[in-house]
Amino acid sequence: MEQTRRADRTLSMHDLHEIDQARRLLDSARGILILTGAGVSAESGVPTFRGPDGLWKSHRPEALATPEAFQADPRLVWEWYGWRKERVGACRPNAAHAAIARLTLRNADARLVTQNVDGLHELALEEAVSEGNFPGDSAARAAPIRLHGSLFRTRCTGCDNRTSDRHPVEAKSEASLPRCRKCAALLRPDVVWFGEGLDPEILRQAMERAETAEVCLVVGTSGLVHPAASLPLLTRESGGVVVEVNPESTPLTAIAVSSIRGRAGQILPRLLTVESEPSRNRVVD
Ligand code: BJW
Ligand code: ZN
C-alpha cells in the first residue's frame, strides 16, 4: 500500500519511449483486449493478493478462497468477504479505471476483461458515461467481461440463484449468514474460487477476444492465475502482441513486446487518453 500512495515517480526517457511505442501499437490496432488484475485497483486502496501488502500475506488462500474452505467454515469465509465488501465498497475508481472506461466507450474494437471482483471498472464506466459524450449503445458494449465474479453478488448453494447484494454481512454466527429467499439454502459470494471452473460462456467470450486482438494490454496482474493468465498467450499465438503495465516483472513480461514499469494510475492516462478528452484524470508530472 505504501508503494501505491507514494507520489508518482518521474518517468525516464526509457519509460517515455516504451509508452510512445505502446501508444502507436494501440492507435493502429483493430482489436484490443485489456486484461486487468488487482494492481489496477491498488491506487484506489483495494489490497492486491500477492506481494508484501497482499491479502495472501496474512490469509491462506486455501483457507478462504476454495469451495472446501467454504464447506468447512462458511462463517469464517463470509467474515472475510464481509470485511472486503466493506473495505472495497468505500473505494473509488482511479485514473487507470477512468482511462480504460473512456477507451472502451469510444473504441468499439477495445474490450476489457478483468479478474477483479471489486466493481471499480463498472463504476468508472458509469462516471465516464455521465461526464462524456459517448454513443448511445457504447455503455452496454463496454461492460467488462468479469472472469472471477463479483464481491457484490451472491449465489445460492442450493438453487444457484444469483443476486446482487451490497448489504453488509452479518457473520457473527453460522445462523446469521445470508440465506436464499427462494429455497433457504446458504448463500455464498458469487466469485470463482481456486479449483472452480469459470463460467464457460464468459471464458469463451474472453478467449475469442484474446484470439482476435491485435494488442493485448495487460495491466496490474501477477500473471500467475489461469486461465486468465493464458489469455495474453492466446493473443500472441494468434499473431497479436502483448503490452504490459506493471511496476514489477511477471511471467508475462517474457512474451511482451513492450513492458512499461510503472503504476497503472500514472501510465494508463498517458497511454490511452486522446487529446480531445477532458483532462481531469490526466497525470501531469
Ligand atoms: C500494480 C500496481 C499498480 C501492484 N499498478 N500494477 C494452469 C497452470 C497451473 C495451474 C492452473 C492452470 N489452470 C488452472 C489452474 C489452477 C488454478 C491456478 O491458476 N493456480 C495457480 C495459482 C497455480 N486456477 C483455477 O483454479 C481457476 N479455475 C480453473 O481453472 O478451473 C478449471 C481447473 C480447476 C482445477 C485444475 C485445473 C483446471 C480459478 C481461479 C480463480 C481465482 N480466484 C481468485 C479469487 C477470486 C475471488 C476473490 O477475490 O476472493 O481470483 S484468486 C486471486 O488471484 C483472484 C485474482 O483475480 C487472481 C489473480 O490475481 P491478480 O489480479 O493477478 O493479483 P495479484 O495480487 O496476484 O497481482 C497484482 C499485480 O499488480 C502484481 O503483479 C503487482 O506488481 C501489480 N501492481 N500495484 C499496476 N499501482
Ligand atoms: Zn436457493
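The values are calculated or read from the model by the stated rules, or taken from the named source; none is laboratory data. Every value quoted in this text rests on a predicted model; they were computed, and no experiment measured them. Positions of Cβ are backbone-derived with ideal geometry, glycine not excepted, and every protein chain shown enters the neighbour counts. When the accessible area is computed, the model is the full protein with side chains, heavy atoms only, and any ligands, DNA or RNA have been set aside. Shrake-Rupley method; radii C 1.70, N 1.55, O 1.52, S 1.80 Å.
If you go through the range 179-199 and pick out every residue that is open to solvent by 30 Å² or more (accessible area, probe 1.4 Å) and either out of contact with any helix residue (DSSP H, G or I) (no Cβ under 8 Å at 6 or more places or on another chain) or on the phi < 0 side of the Ramachandran plot (or both), you end up with 10. At least 2 residues being in contact with a Pro (Cβ under 6 Å, 6 or more places away or on another chain) and modelled with pLDDT of 95 or more is the threshold, and among the strands (runs of 3 or more DSSP E) wholly inside the range 180-269 those reaching it are 215-219. When A140, A108, A175 are screened for being aliphatic (A, V, I, L, M), open to solvent by 20 Å² or more (accessible area, probe 1.4 Å) and within 21 Å of L271 (Cβ to Cβ), only A108 passes. Among the residues making up the range 154-172, those that are under 30 Å from E127 (Cα atoms), in a strand (DSSP E or B) and open to solvent by less than 70 Å² (accessible area, probe 1.4 Å) are T154, R155, T163.
Which of the residues spanning the range 179-193 are within 16 Å of ligand 1 (Cβ to nearest atom), within 13 Å of P74 (Cβ to Cβ) and touching a strand residue (DSSP E or B) at 6+ places or on another chain (Cβ under 8 Å)? Of everything in the range 179-193, those that are within 16 Å of ligand 1 (Cβ to nearest atom), within 13 Å of P74 (Cβ to Cβ) and touching a strand residue (DSSP E or B) at 6+ places or on another chain (Cβ under 8 Å) turn out to be L187, R188, P189. State whether the residues of the range 28-36 include one that is under 30 Å from T154 (Cβ atoms) and either touching a Cys at 6+ places or on another chain (Cβ under 6 Å) or not aliphatic (A, V, I, L, M) (or both). Looking through the range 28-36, at least one residue is under 30 Å from T154 (Cβ atoms) and either touching a Cys at 6+ places or on another chain (Cβ under 6 Å) or not aliphatic (A, V, I, L, M) (or both). Of the residues making up the range 152-168, not a single one is near ligand 1 (Cβ under 9 Å from one of its atoms) and closer than 27 Å to W80 by Cβ. The residues in the range 159-212 that are in contact (Cβ under 8 Å) with a residue 40 or more places away in the chain, closer than 30 Å to I34 by Cβ and within 16 Å of ligand 2 (Cβ to nearest atom) can be counted, and the count is 3. No other residue among R23, R75, R30, R50 is away from ligand 1 (no atom under 14 Å from the Cβ) and part of a loop (DSSP other than H, G, I, E, B) apart from R30.
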